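This report concerns only the one structure given below.
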Amino acid sequence: MEEDKRDALDDLFVERQRVDPNVLAAGIAPYARLNGVSREILPTEEWETLSVRKKILVWLLCKKAMRIKQIITDDEEWMSPSELEKETGIAGGSLRPALSKLSSEKLIKVNGNSQYSIPDHTVNRVNTVLRDKDGKS
């Protein structure tokens, strides 16, 4: 009989945390729709009520949803400030400080190419920020 060579530490290592599709959809649904054919993000009327930082979070959640559904690649999930500015219409002077703050709060991550994405393990925290109505987020 072969002995199990796994120990308790082996269970701590994962390749990528699974994102609950219901949680991801709940964060996106009030603010955007996705077109899988054209790969476009289509803001809803509610989008206009969001602060700059919340718009960034919703946009990056949309990219994550498209990656999970294999509409875009892992690399395409990551966005540069200029790509975010062009796609969202948020001015760079507002966008860049918000990206910096979101990164320092560990809600988004920046890679070596200065591109941003929401780590899978922070999707729940991002949804909490999106639900916050007191204006601080």
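All of the numbers you see were taken from the coordinates with simple rules; none came from a lab. From a predicted model like this one, the values you see are computed outputs, not experimental measurements. Because the Cβ atoms are built from the backbone with ideal geometry, glycine has one as well, and the counts that use them run over all protein chains shown.
Just one of the listed residues (R67, R125) is among the charged types (D, E, K, R), under 17 Å from V23 (Cβ atoms), touching a Ser or Thr at 6+ places or on another chain (Cβ under 9 Å) and without any contact (Cβ under 8 Å) to a residue 40 or more places away in the chain, and it is R67.
Checking segment 77-86 against the condition returns no match, with no residue being surrounded by fewer than 10 Cβ atoms within 10 Å (Cβ to Cβ) and aliphatic (A, V, I, L, M). Mind checking whether some residue in segment 56-74 is among the charged types (D, E, K, R) and buried (at least 20 other Cβ atoms within 10 Å of the Cβ)? For segment 56-74, residues among the charged types (D, E, K, R) and buried (at least 20 other Cβ atoms within 10 Å of the Cβ): present.
For (1) closer than 24 Å to E76 by Cβ; (2) without any contact (Cβ under 8 Å) to a residue 60 or more places away in the chain, each residue gets a yes or a no:
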| residue | (1), (2) |
| --- | --- |
| L95 | yes, yes |
| L99 | yes, yes |
| S117 | yes, yes |
| D120 | yes, no |
| D132 | no, yes |
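Here segment 117-137 is the region considered, the condition is being in a helix (DSSP H, G or I) and basic (K, R), and the residue that is surrounded by the most Cβ atoms within 10 Å (Cβ to Cβ) is R125.
Name the single residue that is farthest from Y31 (Cα to Cα) among those in segment 58-116 being of a type in the set (V, I, T) and part of a helix (DSSP H, G or I). Applying the filter and picking the extreme gives I68. Per this entry, L42 is counted among residues that are assigned to a strand (DSSP E or B), surrounded by fewer than 13 Cβ atoms within 10 Å (Cβ to Cβ), in contact with a strand residue (DSSP E or B) (Cβ under 8 Å, 6 or more places away or on another chain) and not charged (D, E, K, R). Residues in segment 32-45 that are of a type in the set (S, T, Y) and in contact with a Lys or Arg (Cβ under 8 Å, 6 or more places away or on another chain): T44 only.
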